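Asker: Quick one: structure below, then a few questions.
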Amino acid sequence: MSTPSSKTTALERRLRRRSIHRSRSTAIALTLVVVALAAAWIGTEAVLEAVGQGPLLADPQMVVDAALRPDGASTAVAATTAAALVVLGIVLIVLACTPGRRHRSAVDHDRGAVVVDTRILASTAAHAAARAAGVPETNTSASARGHRTDVRVAPLSGVPVDQAAVERAVRERLGRLGGKHGTRVTVHVEQKGTLA
């Protein structure tokens, strides 16, 4: 039997994962609707043929025969349909294989699941870099993705920037958020400075 704390942590993990990863339910629902409509059409045509009535749209066997042995008029239609199905297949394969991550990251917190936009993490890193380098915040930029944070610093003309001190400051600031943040920080100091 699981304890309440293990149920809570499992729930928090599930909430974090659902907040960080994109849902594929729309793509799945659309695909299922198309497959259901195709199956309903084939079933309707089969029932109409079994009772001796004419086809509603087209006889499925005639459609298959025309697709396998197209004449001059239906060659363009068959090629267009095949191209559309190939594109649809590629889109569905890409949706199935890509991770579907949003630009969010989980932050460890003792009171619950906390999810932060990566732009906030990048802004925090840029702010820490600006303070450590002694430059205005407009002279720093950062990007954060997963474990990796890249920071760019444009120094003031004639004022050197201690790259190691900036990196330590960013690591320390992001490290306060817990977990993976601040584990891989790269600081790039521009060669050309800016005027104050």
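The values are calculated or read from the model by the stated rules, or taken from the named source; none is laboratory data. Predicted model, so just to flag it, every value in this text is computed and none were measured. Quick note on the areas: whole protein, heavy atoms, side chains included, nothing else; ligands and nucleic acids left out. Shrake-Rupley method; radii C 1.70, N 1.55, O 1.52, S 1.80 Å.
Asker: Quick one: what are the phi-derived ³J(HN,Hα) couplings along the stretch 144-153, Karplus 6.51/-1.76/1.60 with θ = phi - 60°, whole Hz, x for glycine and proline?
Answerer: Each residue's phi maps through the Karplus curve to give 10, 8, x, 7, 9, 10, 10, 10, 10, 10 Hz.
Asker: Then there is this: Please list 3J(HN,Hα) in residue order for the stretch 82-93, calculated via the Karplus relation 6.51 cos²θ - 1.76 cosθ + 1.60 where θ = phi - 60°; whole Hz, with x for glycine and proline.
Answerer: 5, 5, 5, 5, 5, 4, 4, x, 5, 4, 5, 5
Asker: Please give the Cα centre distance for the stretch 119-138 versus the stretch 23-72, rounded to the nearest Å.
Answerer: For the stretch 119-138 versus the stretch 23-72, the Cα centre distance is 59 Å.
Asker: Still on this structure, I have one more. I'd like the accessible area for H147, computed on protein heavy atoms only with a 1.4 Å probe and all protein chains in place. Round to 10 Å², please.
Answerer: 90
Asker: Using only alpha-carbon positions, what ratio does the radius of gyration of the stretch 147-196 give when scaled by 2.2 N^0.38 Å?
Answerer: Taking N as the residue count of the stretch 147-196, the ratio is 1.26.
Asker: Please compute the length gained on full extension between A36 and A84, using 0.36 nm multiplied by the number of residues separating them and subtracting their Cα-Cα distance.
Answerer: 15.5 nm
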